[in-house]
């Protein structure tokens with residue numbers, strides 16, 4: 001575990017490795033994503049801002065496939081360094097999934113520094129539990145839930161894969177989540193203690209340790225696909241490699257995938273029908289029904 005003294009020192013190398021601002025998502029990605037997302041919401045039979053809890057950001061959007069009862073449902077957890085973002089910017093991802101017979105849900109959650117990381121993780125668990133109890137009423141099938149998480153959302157998704165669901169809430173099955181695609185995530189929060197990102201995250205060494213998927217003592221044995229961009233920094237690549245290396249001995253159903261592009265390009269690849277990553281993701285989700 002990183003000491004308090006180490007955590008107080010900004011590491012210039014880590015600062016650069018975990019920086020994403022230079023990619024300018026506000027300029028190069030979000031305008032296009034928001035436009036495509038608005039268009040798809042207007043064209044689809046979606047249900048928006050469904051409440052999975054009492055908080056103002058305890059909301060999710062649901063996009064059913066043509067035959068949702070027989071379709072798997074993917075739950076998308078967005079990124080934003082646990083500090084920003086909104087499910088509405090990612091509706092564009094739903095379009096090709098729905099077109100190819102996969103229902104799609106996207107959740108919101110609260111942000112640091114307003115809440116602790118621990119609270120965000122439990123909030124996502126609450127959303128997953130709500131979907132398990134309610135997706136049948138939306139036309140879907142609660143026995144076919146899987147997760148896709150990107151960046152901070154991949155971290156949160158990783159924590160879902162280490163969750164003891166019956167202990168979290170009575171009546172939930174241990175295999176609530178049938179599989180996960182983790183994209184460009186941070187699975188060891190320890191390095192962030194030595195970066196300026198922690199000015200907003202307010203992690204201490206204990207929370208950084210307890211909320212890191214790689215430090216958990218349990219891991220789901222359902223399939224997981226861990227992906228990262230070819231042009232990501234070495235630290236982001238290391239994060240994915242470490243997650244796979246730690247858990248592969250406990251779950252042989254974990255695979256590693258390299259995606260063309262940078263930290264944000266990967267989402268365009270995920271929903272592009274011409275992309276091998278999109279085809280791999282669809283094949284992965286379809287295979288979960290055979291488990």
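Every read-out reported here was derived from the displayed coordinates using simple, explicitly stated rules and does not represent laboratory data. Keep in mind it's a predicted model, so treat the numbers as computed, not measured. As a convention, Cβ positions derive from the backbone with ideal geometry for all residues, glycine included, and neighbour counts pool all protein chains shown.
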The range 4-290: antiparallel DSSP beta bridges as a percent of all, rounded to 5
25
Can you tell me the 0 to 90 degree angle between the C-alpha axis of helix 234-247 and the longest principal axis of the chain, rounded to 10?
70
Most mobile of 66, 129, 94 per a Gaussian network model of the chain (Cα springs, under 10 Å)?
66
Quick one: order 12, 188 by neighbouring beta-carbon count within 10 Å, fewest to most.
12, 188
For q = 0.11 Å⁻¹, what log10 I(q)/I(0) does the range 165-255 give under the Debye formula with an equal point scatterer on each alpha carbon and no solvent?
-0.37
Just order 31-43, 114-126 by mean Cβ neighbour count inside 10 Å, highest at the front, would you?
114-126, 31-43
Which order results if 78, 278, 283 are arranged by neighbouring Cβ count within 10 Å, fewest first?
283, 278, 78
Determine the shape class of the range 220-260: with a ≥ b ≥ c the square roots of the Cα gyration tensor eigenvalues, call it rounded for a/c under 1.5, and otherwise prolate if a/b is greater than b/c, oblate otherwise.
oblate
Rounded to the nearest 500, the 222 nm mean residue ellipticity computed for the chain from DSSP H runs (n ≥ 4, each -39500 (n - 2.57)) alone is -10500 deg cm²/dmol
With 10 angstrom as the radius, rank 135, 244 by how many other C-beta atoms surround their C-beta, starting from the fewest.
244, 135
May I ask for the percentage of alpha-carbon pairs in the range 167-219 that lie more than 15 Å from each other?
60
Among 91, 220, 169, which one moves the most in a GNM of the chain with springs linking Cα atoms closer than 10 Å?
169
Note to self: C-alpha centroids of the range 156-189 and the range 197-214 sit apart, in Å, by 18
Grab the alpha carbons of the range 125-207, take their convex hull, and tell me the volume per residue in Å³.
107
Regarding the chain, what's the average projected area of the Cα-atom convex hull, expressed in nm²?
13.9
Rounded to 10°, Cα long-axis angle of helix 30-43 versus longest principal axis of the chain
20
